[in-house]
Structures are given as C-alpha cells and as structure tokens.
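What follows is a single structure, written as structure tokens, with notes after it.
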Number of protein chains: 2
Amino acid sequence: MSDPLQIGLLIFPKVTQLDFTGPLQVFSAVPGAKVHLIWKRIEPVPTDSVMVLTPTMTFADCPQLDVICVPGGAGTNDMVGDEEMLAFLRKQAAGAKYVTSVCTGSLVLGAAGLLKGYRATTHWSAIDFLAGFGAIPTRTRVCVDRNRFTGGGVTAGIDFALTLVSELVDRKAAEAIQLGIEYNPAPPFNAGSPDTAPAEILALVKDRIAPSQTRRTEKMNRAAANLAQTG
Amino acid sequence: MSDPLQIGLLIFPKVTQLDFTGPLQVFSAVPGAKVHLIWKRIEPVPTDSVMVLTPTMTFADCPQLDVICVPGGAGTNDMVGDEEMLAFLRKQAAGAKYVTSVCTGSLVLGAAGLLKGYRATTHWSAIDFLAGFGAIPTRTRVCVDRNRFTGGGVTAGIDFALTLVSELVDRKAAEAIQLGIEYNPAPPFNAGSPDTAPAEILALVKDRIAPSQTRRTEKMNRAAANLAQTG
C-alpha cells in the first residue's frame with residue numbers, strides 16, 4: 001500500500017451524509033492515513049441535509065487510492081448512470097487494495113461492474129437491486145468478499161469502517177479508535193432492522209419510501225441493462 | 001414549540017464532526033423540522049477531519065430555537081472561554097424547550113452556567129471536568145435531567161438524538177427514523193467503553209490523549225473559575 005495510506009470517500013449531490021461521516025470519523029483516526037473527499041470538481045456539494053460539503057480532491061487530480069469508498073443516498077439514482085463517476089471508480093478500483101461502500105453506495109459499485117460475482121450488502125430497502133449488477137445479495141451488516149467490503153444502511157458505516165481498519169492496520173488500531181469514539185452503542189429502541197422493527201413501523205416506513213422506490217427501480221433497471229450491454 | 005420546530009446544532013473550529021453529523025441525520029428526518037448549523041459568521045468552519053463546514057445560520061440571525069445542541073471536540077477548549085458563544089447559548093437556552101449536548105459539548109453548556117445542579121454526561125475522558133461547572137457527573141450513554149439531554153462520547157450522539165426525538169415527537173417517529181438509518185449496531189469489537197476495552201487498549205488511548213488532557217485541564221479550570229466569579 002501507499003505511504004501515506006490513501007483513503008478516498010466519494011461525495012456527490014444528495015449523498016446521505018452519515019453514510020460517509022461515520023467512516024470519515026474512523027478513517028481520520030488511522031495514524032498516517034491521508035483521507036480525501038472526492039468529487040468531479042471543487043464546488044459545493046449538497047447532501048441529503050442542510051449540510052453542504054467541500055470536496056478536497058477532484059477526479060482528475062486524485063492519486064491512486066488504497067481504499068475507495070462509495071456512500072449511498074438518493075443521489076445514487078443519478079450516480080449509477082453517470083459515466084464520469086463509473087469510469088473513475090473502474091480506473092481506481094483496478095489499482096486499489098480495497099473497493100468498498102456503505103448503504104446504497106454498493107449499487108454504484110455494482111453499476112460500474114465492480115461487484116460481479118461478489119457477495120455484497122446495502123440498505124435493507126435496496127437489497128433486491130444488487131442481483132441486477134451480478135452481485136450476490138447478502139443480508140449482513142458488513143459483508144466481506146475478498147477485497148470488497150460493503151456495509152448495510154447508513155449507520156452500518158461505522159461497523160464497516162472499524163472492520164476495515166482491523167484489516168488495513170490491525171485489531172488494536174480498530175479497538176483504539178472504537179474507544180476514542182466511545183462506540184458502545186445503546187439504541188433506545190429496537191427498530192433498527194426490518195427483522196426487529198414493530199410491523200407497524202416497517203409498514204409506515206415502506207409506505208413513505210414507496211414513491212422513491214419506484215424512481216429507484218427505474219434507474220437501477222436502466223443501469224443494470226447498460227451494464228449487461230457494455231460489460 | 002415553534003411551527004416549524006427549530007433545531008440548532010452549533011459548529012465551531014475543531015468540532016468533532018460525528019458528534020453532530022449523527023444527530024443531524026436523525027433530526028433531518030423529523031417531519032417538518034427546520035435544522036440549522038450555527039456559527040458566529042457565515043465562513044468556512046474547519047472540523048477535526050478534512051471536512052470543512054458551511055454554517056447555515058449566524059448567531060445574530062438565529063431565531064429562537066426549540067432545541068439547542070452543542071457537539072464536542074478539541075475546539076471546546078476554546079469555546080468554554082468564548083464569551084460570544086457562551087452569551088449566545090445563555091440567551092437561546094432561556095427560551096429553548098431542550099438544551100442539549102453530545103460528547104464534550106456538555107463542557108461548553110457547563111461553562112455557560114447551564115448545567116448547574118443538573119445531572120449530565122460527556123465523553124468518558126472528560127467526565128471529571130463536569131463538577132467544576134456545578135453539574136452532577138453521570139456515567140450513562142444518554143443523560144436526561146428535566147430539559148437537559150446530554151450524550152456521551154461521539155457515537156452516543158445517535159442514541160441521544162433518537163431519545164430526544166421520542167420526546168419531541170413520539171416513540172413511533174423515533175423508531176421510524178431508526179429503521180430508516182438501519183441503526184441496528186453490530187460493533188466488530190467490544191472496546192467502545194473504558195469498562196469493556198482491553199486494559200492494553202485503554203492504556204494506549206490514555207497515553208495518546210495525555211498531552212491534550214493537560215491542555216484541556218488548564219482551559220476547563222480557567223472556565224470553571226470564570227463561572228464561579230460571574231455566576
């Protein structure tokens with residue numbers, strides 16, 4: 001790997017900010033690592049919240065990354081059809097030590113053809129889209145298949161990042177970071193997964209996301225068709 | 001409370017970004033809430049990582065908040081002695097429904113005199129500083145005393161925010177958000193608290209933070225002395 005270790009988190013309009021701010025907190029504590037927030041250009045990038053981001057690195061200037069990580073969010077609907085993004089991921093992935101994602105970021109890796117034949121996970125609401133990209137959908141919080149590390153929805157990014165650091169450096173490094181961020185979670189409720197949430201809550205959330213699921217299905221089907229033609 | 005509900009997260013130089021990006025993700029999903037990132041001026045605010053923030057609201061223009069939340073980080077060393085910050089917090093706290101913090105943000109609330117006689121928590125490494133501000137140190141992940149909600153270190157912000165949403169709105173709203181962010185944590189190691197971390201890891205982290213603890217002690221003692229004189 002490079003010295004310093006080069007870790008790149010992609011950002012893009014309508015990224016779900018906690019998908020990458022969780023891993024960013026973990027990766028920033030890796031001794032000697034250089035962390036980048038990467039987008040096409042240096043310009044303000046709106047997230048899913050009021051927070052607007054400033055990229056630190058462009059596609060064109062980005063050094064070869066050791067770790068490339070794609071977060072998720074509504075913006076992945078556009079990213080799966082964005083040839084500039086997909087070409088950047090393919091080029092970087094060829095030389096990267098680890099190719100990773102959090103949440104629906106795995107759909108973008110999938111659209112780039114980078115998950116063919118790999119087990120992968122994503123947000124619970126998007127798991128059915130992985131097969132269209134030739135991935136093997138796997139419902140675990142963190143999924144590791146060779147050098148592909150994919151995390152589940154949003155907050156799974158913290159578990160994913162600690163798992164990756166234990167590989168990148170060692171277990172002690174990951175444990176020291178975990179203690180530093182006091183990651184000793186105690187959710188006040190037990191609704192964090194479709195398997196544990198009350199049926200009423202699951203129905204409510206599914207109902208709320210139904211319109212966006214329809215849009216997402218259309219975009220993912222198109223991206224899967226494009227991949228099938230080209231790849 | 002206001003309509004819309006006004007939720008303000010303070011930001012400042014060297015804020016620990018996950019202290020507020022966790023709550024930001026949760027609060028942004030509260031139906032009808034207006035969320036602000038607040039600083040003295042609209043200017044780039046550097047965090048503890050490469051991420052630079054853009055405030056959305058200034059102290060001068062800020063409406064009365066229903067929820068005021070102070071995150072932590074190395075920058076709290078300066079904030080506990082920053083009269084402009086402390087005056088803003090006192091003024092807002094007088095009319096706010098909830099006065100809250102994550103991590104060492106509680107030290108800033110303390111320096112503003114807002115935790116006198118209240119039970120409160122903070123990052124495990126900073127718990128000894130609370131008493132100097134007249135607070136009653138309480139080692140829980142989320143501490144609720146009347147309208148003061150304080151969270152423990154960094155990642156406790158997610159547990160804190162879900163707890164607060166269950167009060168602000170109701171339990172169903174909090175559970176729906178928890179499912180949306182798939183907050184079903186599965187830490188790969190059990191080192192997230194001084195009580196569970198291997199002794200070797202605790203010693204390593206304590207050793208690493210020793211120089212910053214010395215600086216912090218000096219700043220907190222001075223802030224506590226100031227509060228004793230004025231308040």
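The table below lists the values:
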item	result
Which listed residue, of B:Pro198, B:Pro185, is at the interface with another protein chain (Cβ under 8 Å from one of its Cβ atoms) and touching a Pro at 6+ places or on another chain (Cβ under 7 Å)	B:Pro185
Extreme residue, nearest to A:Pro185 (Cα to Cα), among residues of the range A:13-46 that are open to solvent by 10 Å² or more (accessible area, probe 1.4 Å) and among the polar types (S, T, N, Q)	A:Gln25
Verdict on A:Ala93 being outside any helix (DSSP H, G or I), at pLDDT 95 or above and of a type in the set (Gly, Ala, Ser)	no
Every residue from the range B:183-219 that is among the polar types (S, T, N, Q), more than 22 Å from A:Gly157 (Cβ to Cβ) and open to solvent by less than 70 Å² (accessible area, probe 1.4 Å)	B:Ser212, B:Gln213, B:Thr217
Filter pass, A:Ile209 being β-branched (Val, Ile, Thr), within 14 Å of chain B (Cβ to nearest Cβ) and touching an Asp or Glu at 6+ places or on another chain (Cβ under 6 Å)	no
Neighbours by Cβ (under 7 Å, 6+ apart or cross-chain): first from the range B:80-98, basic (Lys, Arg); second modelled with pLDDT under 95	B:Lys97/B:Met1
Residues of the range B:96-115 satisfying the condition of being within 13 Å of B:Phe133 (Cβ to Cβ) and outside any helix (DSSP H, G or I)	B:Ser101, B:Thr104, B:Ala112, B:Gly113, B:Leu114, B:Leu115
Count of residues meeting criterion [polar (S, T, N, Q) and buried (at least 24 other Cβ atoms within 10 Å of the Cβ)] in the range B:58-91	1
Single residue of the range A:154-180 satisfying the filter (of a type outside the set (Asp, Glu), under 27 Å from B:Arg171 (Cβ atoms) and at the interface with another protein chain (Cβ under 7 Å from one of its Cβ atoms)) that is surrounded by the fewest Cβ atoms within 10 Å (Cβ to Cβ)	A:Val154
Looking only at the range B:129-153, and only at residues there that are buried (at least 24 other Cβ atoms within 10 Å of the Cβ) and among the small types (Gly, Ala, Ser), the one that is farthest from the other protein chains (Cβ to nearest Cβ)	B:Ala135
A:Gly113 vs. criteria surrounded by 24 or more Cβ atoms within 10 Å (Cβ to Cβ) and modelled with pLDDT of 95 or more	no
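The values are calculated or read from the model by the stated rules, or taken from the named source; none is laboratory data. It should be emphasised that the depicted structure is a prediction, and the values quoted were computed from it without experimental measurement. When we count neighbours, we look across all protein chains shown, and the Cβ atoms used for this are built from the backbone with ideal geometry, even at glycine. Side chains are part of the model used for accessible areas, which takes the heavy atoms of the whole protein and leaves out ligands, DNA and RNA. Shrake-Rupley method; radii C 1.70, N 1.55, O 1.52, S 1.80 Å.
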